[in-house]
């Protein structure tokens with residue numbers, strides 16, 4: 001089938017059957033990127049026991065997270081300038097190459113370096129997979145597909161730790177990286193054959209390489225600073241303050257650079273759109289709450305109610321299923337109604353209310369209450385993510401679709417990292433001495449004091465969700481573009 005005429009949008013070239021095949025390939029690419037963040041967690045102790053370097057163990061996760069996050073906006077912009085297909089092919093190749101290096105790593109330092117390489121590819125997988133949806137479907141029809149992609153992301157988070165545990169128990173930790181080879185090959189083949197009809201830019205782009213460098217130099221210290229905050233449980237740790245200061249210096253330089261070039265790596269004019277800006281704010285605030293609660297709710301079950309890690313994990317299923325279901329249903333509803341603002345408002349409202357309910361009644365007292373509130377929390381998160389993706393894509397010109405969706409992913413990841421650090425510091429600041437030790441779970445720390453500390457955490461989470469609700473109320477709704 002020939003390329004569409006220049007006056008027709010890119011999605012005019014794709015039949016419904018081709019769209020379905022492409023979406024399956026995008027789900028695979030997103031699954032690759034998301035799975036690699038969670039599959040390693042249950043294998044860390046085995047890896048450290050084999051390679052040594054226990055003190056470096058947290059960096060096996062952080063190296064991938066940091067490199068994949070800071071490169072996300074760069075990949076998005078490059079895909080706008082060079083086309084989605086070639087940039088996605090490069091991303092898959094780098095990711096798989098990093099997986100091979102990780103599987104063959106002889107030392108912990110070599111593994112960390114390999115994880116950095118993997119992250120350099122993973123940032124592109126995540127960003128471009130969402131951007132391609134904007135090339136093959138009009139905004140009115142994207143909600144349904146974005147629901148599928150969000151469900152893929154949540155599914156990877158569910159089965160990642162399980163797969164990691166199975167590989168370690170029955171094979172070896174090396175297989176958590178070898179498994180990426182067949183999956184990566186399938187993603188590469190799908191991209192190579194199915195995305196050939198996507199249009200390429202008509203003229204040779206001028207790349208803002210200094211802007212790309214400044215993005216790396218500003219974002220990397222900020223993420224490192226968050227890592228030090230979590231390690232030392234203090235925002236005033238010298239290492240954290242130094243990283244934050246360095247990141248802010250380069251951030252100022254980045255803004256100055258992007259205002260002075262004709263084709264910036266990060267187009268600041270995107271933020272002149274109130275819909276784009278509010279969509280980014282809603283995304284970042286909702287991610288702050290969601291990512292923090294994914295970490296802190298299981299901890300609450302263990303410290304406040306004395307549940308085992310297995311029991312706490314089982315009670316998290318409701319939140320995970322709620323997130324998958326909410327994202328899928330909200331995506332379908334956006335496509336059916338052509339409206340996105342009500343779902344952002346509904347999601348933020350329910351999240352605020354459920355955080356307040358948990359702050360008052362606590363967790364671990366009733367299985368029915370725990371299931372109900374965490375299920376509603378998951379539904380609220382899902383209601384925000386799929387619609388916000390469509391909102392942000394609809395608010396910009398098609399030529400900026402890649403960088404727009406990459407900005408959303410970047411702020412979602414940064415918001416999640418800051419949310420975990422912020423609410424964790426609130427918890428540690430209110431917990432009684434010795435509450436984090438083994439004796440606390442066995443009843444060594446005063447239960448009421450522990451519950452009071454978590455109540456403060458959920459009140460803070462409700463405050464962040466409330467700010468998200470305010471932003472959602474200010475979100476302007478414009479019609480979603482259709483095929484006509």
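Every read-out reported here was derived from the displayed coordinates using simple, explicitly stated rules and does not represent laboratory data. Every value quoted in this text rests on a predicted model; they were computed, and no experiment measured them. Backbone-built Cβ (ideal geometry, glycine too); neighbour counts: all protein chains shown.
The gain in end-to-end length when the residue 459 to residue 302 segment is fully stretched comes to 54.6 nm, 0.36 nm per residue minus the alpha carbon separation. Taking the Cα atoms of segment 166-282, the ratio Rg/Rh between the radius of gyration and the Kirkwood radius comes to 1.12. Working note: Cα atoms of segment 270-479, range along each principal axis, descending, whole Å: 59, 30, 25.
All distinct Cα pairs of segment 208-264 go into the 1/r average, and the inverse of that average, the Kirkwood radius, is 11.7 Å.
Remark: relative contact order (the chain) = 22 percent; criterion is Cα-Cα distance under 8 angstrom and separation of 6 or more residues. Taking the centroid of alpha carbons for each part, segment 205-277 and segment 316-357 are 30 Å apart.
Label-to-label distance, residue 473 versus residue 329, with points set 7 angstrom from Cα along the beta-carbon direction: 2.4 nm. Between residue 110 and residue 314, full extension at 0.36 nm per residue minus the direct alpha carbon distance yields a gain of 70.0 nm.
Once fully extended, how much extra length lies between residue 169 and residue 263, figured as 0.36 nm per residue of separation less the alpha-carbon to alpha-carbon distance?
Here the segment from residue 169 to residue 263 would lengthen by 28.8 nm.
Only helices enter the 222 nm calculation for the chain: every DSSP H run of n ≥ 4 contributes -39,500 (n - 2.57), and dividing by all residues gives -26500 deg cm²/dmol, rounded to 500. For the chain, take the longest principal axis of its alpha carbons; what is the angle in degrees between that and the long axis of helix 108-136, to the nearest 10 within 0 to 90? Approximately 50 degrees, to the nearest 10. Across the alpha-carbon atoms of the chain, the computed radius of gyration and Dmax are 21.9, 72 angstrom. Take each peptide in 388-396, 112-120, count the other Cβ atoms within 10 Å of every residue, and average; sorted highest first, the result is 388-396, 112-120.
Note on residue 216 and residue 232: the model spin-label points, each 7 Å out from Cα along the C-beta direction, lie 2.7 nm apart. In plain terms, the bigger the Kirkwood radius, the slower the diffusion; for segment 348-423, with that radius from Cα pairs, at 37 °C and 0.692 mPa s, Stokes-Einstein puts D at 227 µm²/s.
The overall shape of segment 248-336 is oblate: from the C-alpha gyration tensor, with semi-axes ordered a ≥ b ≥ c, the ratio a/c is 1.5 or greater and a/b is no larger than b/c.
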